Each structure stands twice: as structure tokens, then as C-alpha cells.
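J.: Dropping a structure here in C-alpha cells format, bear with me for questions.
Values in this text are rule-based calculations from the coordinates and carry no lab data. Source: prediction; values computed, not measured. Neighbour counts are summed over all protein chains in view; Cβ atoms, including those assigned to glycine, are modelled from backbone coordinates with ideal geometry.
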Amino acid sequence: MNEITKKGITRRELLSSTAGAAAGAAAIATGAGPAEAAAAEVPRWGMVMDLRKCIGCRACTVSCKSENDVSLGRFRTVIQEKTHGTFPNTKKGFLPLMCNHCEGNEKDGVPPCVKACPEFPGERATFIAPNGKKIRYRSGGTYKRPDGLILVDAAQCVGCGKCIDACPYGVRSFNPYVKAGKDPTKQAADKCTMCAHRIDNGVEPSCVNTCQGRARIFGDLNDPDSNVSKLVKEHNLAKNVLLPEEGTHPQLFYVDPNNELNTLYTKRQKGKLDHFVDQIP
Amino acid sequence: MGNVRNDQADMAQARSNVYGLLASVFRAEPTTDFVNLLKSPEMSDAVAGLGISIEQILPDLPEDKLAEDLAVEYTRLFIGPGSRISPYESIHVENESNSSGEFWGKQTAEVKVFIEAAGLKYADDYVELPDHVSAEMEFMQRLASFESKSRREGKNEDAMFCKGIQKRFYDEHLSKWIPQFCEKIIDRSETPFFKEMAELTRDVIEFERENFSKKSDA
Amino acid sequence: MTKMNRRKFMTLASASGAALAAGVGGSRKALAGSVKIVEGGKDFSPTTGKERQAIPTTCWQCVTRDSMIGYVEDGRLVKLEGHPDSIRTLGKICAKGQAGVNQVYFPDRILHPLKRVGKRGEHKWKRISWDEALTEIAGKLKELRDAGTPELFMYQYGRHKASQAATMYDFMSAYGTGTIGNHTSVCEASKWVGQESLWGGMYDNWDYDNTDFVVNFGSNNFETHTNHIPTSQRLIRAKVDRGVPLYVFDVRLTNTAAKADEWLPLKPGTDGAIIMAMTNVIMNEGLFKKDHLKFMRVTKEFNATEDQKIAAIKEHVAKFTPEFAEKESGVPADKIREIARGFAKAKSACLVTYRGAVKHYYGADTERGAMLLAAVTNNLDQPGGRVMGVGAGWSHPKSKKAAVSKALHIKDGFPGEVAFPTHHVSHQVWPMIKDGHHGRPKVYWWSCYNPAFINGDNKGVSALMKDESIIPFQVCTTIVYDESSQYADIILPDVTYLERWDWEDMVSANQIAEFSIRQPLVKPLGEARCQGDVWPELAKRIGFELAWNGKEDFVRQSCEMTPGVKEAGGFEYMKKAGVWHDPNAKPNFGFFAKEVDVSGDGVILDTETGVYWNWKKAGSKSADEAKKVGYLKTPGAKGAYVAQKIGDKAYLAYPPNTKFTKTGLLDFYSDNFASKGLPAFPTYTPIPEHQKMAADELIMTTYKIAVHTHSRTAHCKWLAEIKHDNPAWINPKTAGERGIKNGDPIKVTSHVGEFATTAYVTEGIVPGVVAISHHLGRQHSGIYGSGKPSPVSGGAEADSDAKNMWWKKHGVHPNVAMPNWSDPIGGSQRWFDTPVKVVKA
């Protein structure tokens, strides 16, 4: 058994030596990693979902399970599949969903999940920008990192579930295997981290890595030359987000020339997460 | 002083022996030799004191037939196919990952590293997973034996250190799953042998809790 | 139970000491070495330093076999990802590939050899050692071999490819049995037969990277395909990035149809009518291209002129008007015209067919029609068209063949049933065993195969396997207890594909061969053992030697003897790199147009057919005699084919393979077919059973989805979570006529059986059809597969994630109502032809 020695070895080595890196480091560099991000002082990670290219294959759903140890009964990313129209002019579409890593509203730049978190602001933390600059920020049970990722710190979580209720997209759940650090009688909240453990090592998220349609495009929205920035500009995607009326300012944009978004999207029902389970009918 | 040392050495050796017995019980299908040893007056008496009737758990059948019955029951309980009470720690202990309850889970790696850190290695012809119940019992057998030897040789510090390691292995591993494992066997056995052996194992593990909680060890 | 106390403990210890001293259990101890914990100070530190390795290997969840990187941490496989250097897969794997991790560690996996002790199906087993298992098996096999009846040992496999197949065939050839069954007839057999009758070989690749137009008949390329990842990503790329039109003819609105410019629902089994009608439009409107005509034979005449050929084709397809096709298929005639015109006018175009088109009565003929359509538009083996697939050609060690080699004639269907069973008729193996007139194996060994689940009338197969009077000794190599292994006499624990060695040779989507290897990511769990390691051991016990001593050795030797791979660094290189392709290779197109030197010793021209062939190689007595008898009538001549004379040139053209005697021309007029009373020229034949259906009958079809294979992924929890129930698809109109509403319980009944399920009433299926996926409804296959822990009493020791198994439904299996019907031409199981009655239950 051998370490692979061909291209990409530096990143792999980096990952293999990273203590505590979560399972499953990637083989492929993002192309949107530190090198590219260096253009801006701090990256603003985002994703574009190209609905033309999603073929509903579910590799993303499964790869996320594997990468992030997601237990049965919950998902961090799903495909919503919907058949509509009347035979023989029937259509079927696929809509990939995950945490939108919202910017938050214009006023305070705090997304609803962070706002709902009783443990935010919490511990002080330091983010090291690609140029080496240290940026101090406040973490919490749920918090926004300076690069825009919305993350959960199980150690600071009280397991109250307020963030789960607050998310208009319903992408959060309790992790039955992780105790809330500040109340071990409860389970900690859990959701997509945009594979922060991979991004931080210059490797694209697992779902992006496995997407055969290249429907998921990941990168730095602060870098005008990144693929995501170019797509947002080219397709004028600023408003092509889920539930724009919520004012959450998602950092996930959908390329949707056929106006399928509204037809395909099944919103969460209040208090329920039934919409966020990936099922092939 | 000498008496205390001998006492402790004896106890450590006793513990080693009992772990050795338990390792043999779960290691594989009971051989005819093993069955005959269990039927020996000394063993019969010893387990009778624990309320186990050898005649009852090892019925008076022709040797081959008895061995066959025990092998089939062993297979049914521990080997499969399909549902079984897998004799591996990782199957029984939950953890925070997808490996929870699967073969070669988090505990498997931990047990392997633990045992190897103690200077032992898995035998070349050993085909089971590192966290098989018998490997864990055998490990304790070896540690307790080392402790006993150290006591006899007056290497008290070594002995105490070794006891500490046993306690750690007991706390981190044996106590985390052997009791449930035994309860499952007791619940699902269709013949008395493994049921009684599981009860015995459960009691030994419980008795060990007392052993490890005793303070004075000097 | 008396509570333990010190006195009792010491007594027990004393007795135990005596037992241990007597060496009880001493032979199989786990640990070796001695305790070293305090030497050199108190340095005992059992902390887990996460050791991570990245190892290149190759997938095996399905036949596509994508190159991958496996990430291993502390001896556990934690993640699989696509191999970034693979030119076939471009660094991608699918959902099933991602769930490969589930294959290794699921708690229902079989880890030890087992011997049956109760009756078959009683689920009573005893663990035995490999030594005992192999001794018993070798004994039976030796007996058959010594008696001069090696053919009474039958081996049947579902998925054996590349070195997994090569090692098995090598053993079987050295042993002497040719009674080797496969599973191809439940897959695509008729498609290959149709192709072989034309371009000699088989396996079409679709050159999406260069195509300008795609028409697809019944291949759900975006969800499942024999070459899924390499082709599907190229198709969606072509579609979106280059705006390539995609039209999909399918009974259901598959994901492929969903992403198409248009989904064209059709009645099952009428693909051929549409294909012929498209050819009709193209010929009548003068849209055909003449380029390929010289390589085509369309009448009895070998040397017809271009004009004669055009006239003949026109005449052949004249009756298949778009209006006729509309009547048969339900697809509007104008739509057929529009697509035919687009297809013909495109610079290049892919004509895609798969099981939807060929798993029918005369499916092989439908494939011939598809080839004709591709040929008249010059889209055969041209960039952007339907091209001959290119795979890696490995050299490998070969053992000495047995002196006596025989086969039972139970692999190719009943006499007269199938005209060209060149890929065998695997679904009829058990019915033929039952029949008994063509011999019955005394030993039946199956591996990576589940005959009692995957075949038609699977309950019937199940009963036969259970009956000890049919085959007295049955061996199964498997990782999980399933519908078939429950009837084995010995179960051998197989390794998963993530624990074994192989070389792989799957076709590339870009026409450049890629070599890849599979290597163990982790040590085989428990006593699991690779078949490739079992064969040499078994050979020794029977009394012969193989030319290799295990799968690793086989792969090593192959790497060191395969041109290209060898020079790149052989085995050591492949272990590090995982994949290799010739960096100077050009995509392989248009091989047929290669001119060939015919001046070689023994090469003669057959004036009747225009074939240059080597009479010496054919074994003829003299050149004169060879000429007199002629190419077509000389047995063995097809192996001596050299070139085809066209005009005054000699082209490689389309050489016959070993299965059809033919010239180098595309045999659109086929003597082979004519001689069997089959249509010599591609045609359309309506499905006979569909012509006499009762008014209330529907046609049952089955299908695959993106997250399961046919029978080997039900126990993968991440896949089962996404697809665990398979309600029957039914159109609202059809459902309405039967008073069926969405979610209603229904009963589906055919002449062989019935099953109950629920209705999924959807606009995404053509009326008159009921469709149900075929991977679920497991009797066994672990807690995730069947929802039941096991057939053995007692609860599941399933993983703790199983507590989170939130779904309660586990689907149904339609094969109980599926007859074993064969395509009379190619032998394919006709999955999509069965009339059924569907009623609200």
C-alpha cells in the first residue's frame, strides 16, 4: 500500500498531517484555495449550484454522509426532486440544498441562526487570513467566521435547538452522537460546514469534489476572478437565491435559466424538517 | 510485608488465570479437551461454588455430539451468518462517528494501539479483529501475570504501574461493553453453556470493579 | 447465581490455572511477544496518532469500475474519492461508489467459512476453518475430475471482470470444466449479439465529447449505465456547455429524460419501429450520407453498387413510415420526422441504445436497426458518433490446460430457444438444471451472484436451490447472507473489492485505453479471502498447479508483462499511480478504414465475398482447396480473416470475431440471420405477447435508479436510506381506470406470480405500463437490506446507526411475477415484455 505520489501530493500530505482533520481529505485542490484567495484579504466562501447540470445522481448526498460522519435520519445536503406538468409534457427537476451560509441582513449582517443562538457571541477566536493577517472575532454556539462560513461549535452549544427553529431553510438538526458542550444532557446542533476542514487545507468541499455534472461550483466571492464570482456576474445571480424575501442573503446562488427554482423548492413546514430528507420516489 | 506481597502476587495471578479462562471460553468453539477440563472435578467444584452445575451446562452426550452442539451454538451466537452477538467491542460501543457499531470502528483501533503500546503484538496467525473479546481478555491475562511476576520479584513500582494500566484498560474498554455483551448472550442463548459462561463473565467483570477500586496497593 | 467474592474467585482462578496449564485454547491465542511496559521508564502511551494513507484503487460497486483514491485512517477505510489522474472518470465517482465504505464494515457481513448443519434453508451453521472448507470442496472436485467428468462442476458468477474473471477462467481451464455460467442475459446480451453480427466485436461507446446531437433509446445514462461516470458527465457537459440537443425515448421520465430537450414516452418494445422510421425519413428525404455505404452489405450481393445499396435500404425501410411508428409507439409521426432530420443533419450524432431498447423480443434486431441508422448517417466509429469502445489490453499469466475439458450444455438455453447465445442465456441455467435432460452439475459454486433473487421466477429458482436432490453440493462465495447463500452447503467469506487485488480494463469514454489496478485499501476483515487467492490453493489440493500463486502475484505478473505498463514501471508504478495510459495515444476512431497489407504468406482473396484471408491460418490443405471451398464455408476461416477488398483497396473493415462467421462488411444483410429463419435485414417485429393482451392488462417494466445496483448494495446504509421503497409507477389515466389513487395498495399479477405494493401515480410514465425498480424487496441481505436482522433467531447486532434507521418500508421484488422469457435472437431476458393485471388491493 502506497501513498500516492503524483500531483496533488502537497495538499494530501498537508491533510494527512493535520491533526484532527475530519475523515476523508480530498484528492483535488479547489483551485479556489489559498492561492486564489490571496487576491482578497479575506475570502468570502460561496457556492453556485448550476441547475442545468444537476442530474440528480445523489453522489453529493452520499459523499457528505461519508465525509462528515452524518448519522442516519438526517442530512447536511439533499436533492429535492419534483415531477410537474401533465403527460406527455411532464418535467422533472433536481434542486440541491444545503446550508446557505447566509450573510445576514443589511442592518447587522447576522443570519437568523446566529441571532437565535443564546451562546453568541461566545468565546473569542482568531481567524488567520491567507495573507497571514490575524483577525479576531467572536465565535459562539453558532457563529459566522470572518470568511463567511456559518459554523457550529459543539463545545459552546447548549443544545437548545433555537437555531434549528430559526433557520428558514431548515437545514439544521441535532446530532445524536455529539453532546452539547454546555449542556451534556442535550445533543448539539449540526449542519453543513462547507467542509471547513477541507477548505482550510486548500481542498474543495466533498460534495463539489464528487459532483460529476460540475453543478456545484465552489469559490471565493470576494475574488472577482473566481469561478463563482464570474458565474454570479455572468448569470446575474444576485437574486437567484432561496427565499430572498427572508433577507438572509444566502451565499449559495442558483443558475436557473428555466425558472425552475420556485417550482422545485419545497419549503420547510414550521417546526418540521421533513423537507430535508433525500428520497428517490 | 512479605505476606502482603505474596497476597497481592497471588491475587494478580488469580486474576490472570480467570481472564485466561474467559479468553478460552470466547476464543473459539469449545474443543473436546476444553470440555473435558471443565468437567474435571477441580473445575466442577470451583464453578459449583458459583452456582454453576457442569452437568447441567455440559450434558452427558458423546464427546463429538457435545462438541458439535457447542460449535453450532457458538456459530449461531457469535459468527452468524446474519444476526449475531458479534464478539467485537466496536459493535457494542457507540461513538460519535459513522463507524459506530460497525466492524473495525473507533474502539478497534484504540484497543490495537493500547495492546501494542504494552509491548505485545497480535500473533501472525491471528485472523480475528483486534478488539475480539478473547483478545481483550488475553491482554488482561498477560498484564495481570506480569503484575504478579513483578510483585514476586519485589518490583513493586512496576507492579503498581501495570495494575494502573489494567485499570485503564478496564475503564476504557472492558467495562464499557462486556456487561452488555454478556446480557445479550444471557438473553439469547438457547443452551445453558454460554448463558452460564456469560453470567460468570459478567460477575467477574463486576468483581474486578471492586478490585480496581481498592486503594491500598503498596 | 451466587455473587462473586474473593474466596470463590480464588477457587475459580486455581481451577482455571490448572486448565490453562494443560494448554486449553493455547493453539489460537491472539497475542504474541511479551509485556514491555515499564522498561525504559514509564512511557506507556497508547494514544492514537491518526495515521492517514491515500491509496489509489478501482471501484467495483458496478461494472463501470471507476478509478479512486481510498483514504485509510488507523486501519479503517474512511472515505473514497475519484482518482484525479484518471482520463476515464475525470476524478469522479457516483453515489454508489461513495457508499463503498459501507461494504466493508456493515455488521451483517460474513467473516468466516461456514458449513451447513441443518437442512437447506434451516439457517443452521457451523463455523469451519478454511482448511476444512477447502479440503471438502477439493475432495468433491477431485472426484469429478478423476472420474473424467469435470463438467459436472459448474461455476456461475454475476460480476467477474478483468483479472477476477481471468484468474477464475484460468483455474477452470486447468481443472477442465467449461460449465461456467455468467449473468449477461439478465443484463444487455442481445445488444452485444446485434453488434457482433455487424461490426464483428461489441461494446459501443458514445463519443459525447465530440458529438453534436444525441438520440437515446432506453438508456438511463444519467442514473445507471455500464460505463456511467465516464459517459454521463460527458453527456451533461456536452448538453449544457455546448448546447448539444438530447432526445430521450423512454417509458419513464428518467433523470436522463428529465434533462433532455424532450422526453418522448413510448410503448415498451416499440423502439425498433421508431428507429426504422427515422431511417425511413432519412432515406426518403435524401438526408443519408454515402460515406459508410462501401463498408455495408445490405443485400445478398457482396459487391453491390452504391446506388443498388441505397435502393435496397429504401426498399427495406419503406413500410416503416413515421405514421406506422406512431401507431405502434404512440410517438407523433411529426416528432419522429423532426428528430430524424436533426439527427441526420448534425455534423455528428450519437445513437444511444440500451436495455430499454433491447430487452425485448427480437431485441438483438432492434440493435441492428440502431446500427443501420448510425451507419446511414455516417455516425459509426466516427468522432461524435457511436464508436467501438476501447479498453485496456492486459497480458496475463496462463496455466496449463487440463487434458480433459468438457462442458454441460445448460448455459445457452433450451435447444432451439435462442439463435445466437454468444453471451449465453444465464436466466435459463436453473430451469435447465430443473429439466435435467442436458445434465445436472453435481457441484454448483456461485460467486458475486444471487440467482434466487435476480432471475425471473426467482421463487422457482429458490425452490430448486433448496432441494438437495437437484444439486447435492452447493458452494457460495459471498460477503452477505442472502436469498441464495442461505441454500449453500458451504459459505466462503469473500473479500470486498476494497480488500483485494485486480487489474481492470473497462472501456474509456474518450477512445484512449486506460489501465488501472485495484489494491487492498485495508486488510481483509476476519477470515475473508479473495477468490483469486483460493484458486491456487484449491488447485494444489486437487493435484495441479497454476502459473501464479495468488491474486497479487497474478496482478504483479500481468503488470510486468503488459506492454506499456511494463515500461512505465510495472507493478510498483501501478501500485503508486493506480492508473496508466499511453501519453502519446491518439483517440481511436475509424479503425475500419485502415488499409491492410495483403501480401503476406498464405493470404488469398475470396472472390465471392472480397475477403482476404490466410488459408494456412485457417488450416486448409492448400491455397487451391481453400479457394475452392471458399471463405464462408471453411470452418475456422473467420479466425484467418485479413482484410476486405473494397474497390481496389484492402481495408481492415469490420473483422469477424469468433462468434459470427462474416465478411469484413457490416452485415446489414446477414446470412447468419437468414440461415436461422430470422430477418436477414434489420426490421421491426411487434412483441407477440403485446398483440394479444386483454383490455385490462398492462405491460410491466423494471428499472434501476442511481443509488443501487441490482443486488449488491441493499446493505449499504447510505444508499438504503435514500432508496428503500419501490412503489409501482403508474400513469394517472391508467390508475384512474382502475380506481387507483396515489399511495393505494395494489396487486400486480402475471401468469407466473403476483406481488403486492403501493401505487406511485405519476405523470412521468406512459399510460398502459406499470414500472417497478428491481433492487429491493430483499428476503435477507442484512438489516438495511431487508429490515430484518437475519433469519436466525435473536435480534440484530446491527450498528448503533441502525437505531436511527427511520424507514419501515423495504420494498418488493417484481421478479416473482417475471417469467424467464428469452429474446429468440440474442437470448436476453425480456424484462419489459410481461403483461400483467394491476388491481387495487
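J.: For a quick check: sort A:Tyr169, C:Tyr169, C:Tyr481, B:Tyr122 by the number of other beta carbons within 10 angstrom, fewest at the front.
T.: On the way: A:Tyr169 24, C:Tyr169 15, C:Tyr481 31, B:Tyr122 19.
Ranking A:Tyr169, C:Tyr169, C:Tyr481, B:Tyr122 by Cβ neighbours within 10 Å, fewest first, gives C:Tyr169, B:Tyr122, A:Tyr169, C:Tyr481.
J.: Which entries of B:Lys106/C:Lys717; A:Lys134/A:Lys270; A:Lys162/C:Lys79 show an alpha-carbon separation above 29 angstrom in the structure shown?
T.: Numbers: B:Lys106/C:Lys717 18 Å; A:Lys134/A:Lys270 40 Å; A:Lys162/C:Lys79 32 Å.
Distance filter (> 29 Å) returns A:Lys134/A:Lys270; A:Lys162/C:Lys79.
J.: With θ taken as phi - 60° and the coefficients 6.51, -1.76 and 1.60, list the Karplus ³J(HN,Hα) couplings across region B:51-68 in order, rounded to whole Hz; mark glycine and proline as x.
T.: Here the 3J(HN,Hα) series is x, 9, 9, 4, 4, 6, 7, 10, x, 6, 10, x, 3, 4, 5, 5, 4, 5 Hz.
J.: Report, ordered by chain and residue number, the lysines lying within cross-link reach of C:Lys290, taken as a straight Cα distance under 23 Å and ignoring same-chain residues fewer than 8 apart.
T.: Candidates past the 8-residue exclusion: C:Lys300, C:Lys309, C:Lys314, C:Lys319, C:Lys345, C:Lys347, C:Lys594, C:Lys645, C:Lys649, C:Lys662.
J.: Additional query: For chain C, what is the calculated [θ] at 222 nm in deg cm²/dmol (nearest 500), taking -39500 (n - 2.57) for each run of four or more DSSP H residues and dividing by its residue count? Numbers along the way, then the final one.
T.: Details: 28 runs with 243 residues, N = 841.
So the calculated ellipticity at 222 nm is -8000 deg cm²/dmol.
J.: Here's a follow-up. Using 0.36 nm per residue of separation minus the Cα-Cα distance, give me the extension gain between C:Arg341 and C:Asn549 in nm, one decimal. Working shown, then result.
T.: On the way: separation 208, 0.36 × 208 = 74.88 nm, distance 5.81 nm.
Length gained between C:Arg341 and C:Asn549: 69.1 nm.
J.: Can you give the average number of partner chain beta-carbon atoms within 10 Å of each beta-carbon in peptide C:421-433, as a whole number? List each step's numbers first, then the result.
T.: On the way: counts 0, 0, 0, 0, 0, 0, 0, 0, 0, 0, 0, 0, 0.
What the average comes to for C:421-433 is 0.
J.: Here's something else I'd like to know. Based on the Cβ-Cβ distance from B:Arg152 to C:Lys788, what FRET efficiency comes out when R0 is 41 Å, to the nearest 0.05?
T.: Numbers: r = 54 Å, r/R0 = 1.33.
So the FRET efficiency works out to roughly 0.15.
J.: Roughly what would the spin-label model give for A:His84 and C:His438, points 7 Å off Cα along C-beta, in nm?
T.: 5.4
J.: Please list 3J(HN,Hα) in residue order for region A:161-171, calculated via the Karplus relation 6.51 cos²θ - 1.76 cosθ + 1.60 where θ = phi - 60°; whole Hz, with x for glycine and proline.
T.: Per residue, the Karplus-derived 3J(HN,Hα) values read x, 5, 5, 5, 5, 6, 5, x, 8, x, 9 Hz.
J.: Gap in Å between the Cα centre of region C:139-178 and the Cα centre of region C:680-751?
T.: The two parts, judged by their Cα centres, are 37 Å apart.
J.: Further question: Take each of the peptides C:287-294, A:123-130, C:777-784, average the number of other beta-carbon atoms within 10 Å over its residues, and list them starting from the highest.
T.: Packing proxy ranking, top to bottom: C:777-784, C:287-294, A:123-130.
J.: Mind checking the mean number of beta-carbon atoms from other chains within 10 Å of the Cβ atoms in B:27-34? Don't jump to the answer; show the numbers that get you there.
T.: On the way: counts 7, 5, 3, 2, 4, 0, 6, 5.
Mean partner-chain Cβ count within 10 Å for B:27-34: 4.
J.: In terms of modelled amide H atoms, which long-range or inter-chain residues lie less than 5 Å from the amide H of C:Ile110?
T.: Sorted by chain and number, the residues that satisfy this are C:Val480, C:Tyr481.
J.: List the relative contact order of region A:235-281 as a percent without decimals, with contacts defined as Cα pairs under 8 Å and 6+ residues apart.
T.: 25
J.: Cut-off 20 Å, label point 7 angstrom out along Cα-to-Cβ of C:Phe414: give me the residues of region C:159-192 whose amide nitrogen falls inside.
T.: C:185-186
J.: Determine, from the Cβ-Cβ distance of C:Ala403 and C:Glu560 and an R0 of 35 Å, the FRET efficiency 1/(1 + (r/R0)^6), rounded to the nearest 0.05. If you can, show how the numbers build up before the last one.
T.: Working: r = 29 Å, r/R0 = 0.84.
Approximately 0.75, to the nearest 0.05.
J.: Here is a further query. Can you tell me the dipole magnitude for chain B around its Cα centre, using point charges on the Cβ only (Lys, Arg +1; Asp, Glu -1), in Debye to the nearest 20? Kindly include the intermediate steps, with their values, before the conclusion.
T.: Values: 26 positive and 41 negative charges, 159 e Å.
Using only the charged Cβ atoms, the result is roughly 760 debye.
J.: Distance between the C-alpha centers of region C:453-512 and region A:209-238? Whole Å please.
T.: Cα centres, region C:453-512 to region A:209-238: 45 Å.
J.: Can you compute the FRET efficiency between B:Ser213 and B:Ala123 using 1/(1 + (r/R0)^6), with r the Cβ-Cβ distance and R0 = 25 Å? Round to the nearest 0.05.
T.: Values: r = 33 Å, r/R0 = 1.32.
After rounding to 0.05, the efficiency reads 0.15.
J.: Could you list, in their original order, any pairs among B:Lys155/C:Lys523; B:Lys184/C:Lys808; C:Lys335/C:Lys586; C:Lys400/C:Lys617 whose Cα atoms are separated by more than 32 Å?
T.: Values: B:Lys155/C:Lys523 40 Å; B:Lys184/C:Lys808 24 Å; C:Lys335/C:Lys586 38 Å; C:Lys400/C:Lys617 23 Å.
Result: B:Lys155/C:Lys523; C:Lys335/C:Lys586 exceed 32 Å.
J.: If you don't mind, another one. Using modelled amide H (1.01 Å from N, peptide plane; none on Pro or chain starts), what sits under 5 Å from the amide H of C:Leu666, excluding residues fewer than 5 places away?
T.: HN-HN under 5 Å from C:Leu666: C:Met296, C:Arg297.
J.: Let me ask something additional. Highest first, please rank the peptides B:196-203, A:245-252, B:81-88 by the mean number of other Cβ atoms sitting within 10 Å of their residues. Numbers along the way, then the final one.
T.: Working: B:196-203: 22.4, A:245-252: 18.4, B:81-88: 26.9.
Order by mean packing, descending: B:81-88, B:196-203, A:245-252.
J.: Tell me the label-point distance for the pair C:Asn284, A:Lys239, using the 7 Å Cα-to-Cβ offset, in nm and rounded to one decimal.
T.: Label at C:Asn284, label at A:Lys239, 5.0 nm between them.
J.: Where does each of C:Arg386, C:Arg159 land when they are ranked from fewest to most other beta-carbon atoms within 10 angstrom? Walk me through the numbers on the way to the answer.
T.: On the way: C:Arg386 27, C:Arg159 22.
With the fewest neighbours first, C:Arg386, C:Arg159 line up as C:Arg159, C:Arg386.
J.: Moving on. For a quick check: with amide H placed at 1.01 Å from N, whose amide H comes under 5 Å from C:Gly385's, ignoring anything fewer than 5 positions away on the same chain?
T.: Sorted by chain and number, the residues that satisfy this are C:Asp207.
J.: Moving on to the next point. Using the charge dipole of chain A (Lys, Arg: +1 at Cβ; Asp, Glu: -1 at Cβ; taken about the Cα centre), state which of A:Val42, A:Leu264, A:Tyr254 has its Cα farthest towards the positive end.
T.: Farthest towards the positive pole: A:Leu264.
J.: Additional query: Rounding to the nearest 20 debye, state how big the charge dipole of the protein assembly as shown is about its Cα centre with +1 on each Lys and Arg Cβ and -1 on each Asp and Glu Cβ. Show your work: numbers first, answer last.
T.: On the way: 172 positive and 163 negative charges, 286 e Å.
Value, rounded to 20: 1380 debye.
J.: With θ set to phi - 60° and the Karplus curve 6.51 cos²θ - 1.76 cosθ + 1.60, what are the ³J(HN,Hα) couplings of region B:144-151 in order, to the nearest whole Hz, using x for Gly and Pro?
T.: 5, 5, 4, 4, 4, 4, 4, 4
J.: Which whole-angstrom value gives the distance between the alpha carbon centres of region B:121-180 and region C:220-279?
T.: Region B:121-180 and region C:220-279 have Cα centres separated by 62 Å.
J.: At a threshold of 8 angstrom on Cα-Cα distance, excluding pairs fewer than six apart, so keeping six or more, what relative contact order does chain A reach in percent?
T.: Working: 569 pairs, mean separation 76.5, N = 281.
Relative contact order of chain A: 27 percent.
J.: Using Cβ contacts closer than 10 Å as the measure, can you line up C:Phe153, C:Phe591 from fewest to most?
T.: Working: C:Phe153 26, C:Phe591 17.
Fewest-to-most Cβ neighbours within 10 Å comes out as C:Phe591, C:Phe153.
J.: How high is the relative contact order of region C:204-388, in percent, counting Cα pairs under 8 Å that sit 6 or more residues apart? Please report the intermediate quantities before stating the final value.
T.: Values: 334 pairs, mean separation 64.1, N = 185.
Reported as a whole number, the value is 35 percent.
J.: Follow-up. Between 0 and 90 degrees, rounded to the nearest ten: what's the tilt of helix C:333-345 against the longest Cα principal axis of chain C?
T.: The helix C:333-345 is inclined about 90 degrees to chain C.
J.: Just checking the output field for B:114-120: average partner chain Cβ neighbours within 10 Å of each residue's Cβ?
T.: On the way: counts 5, 5, 3, 7, 8, 8, 8.
That works out to 6 on average.
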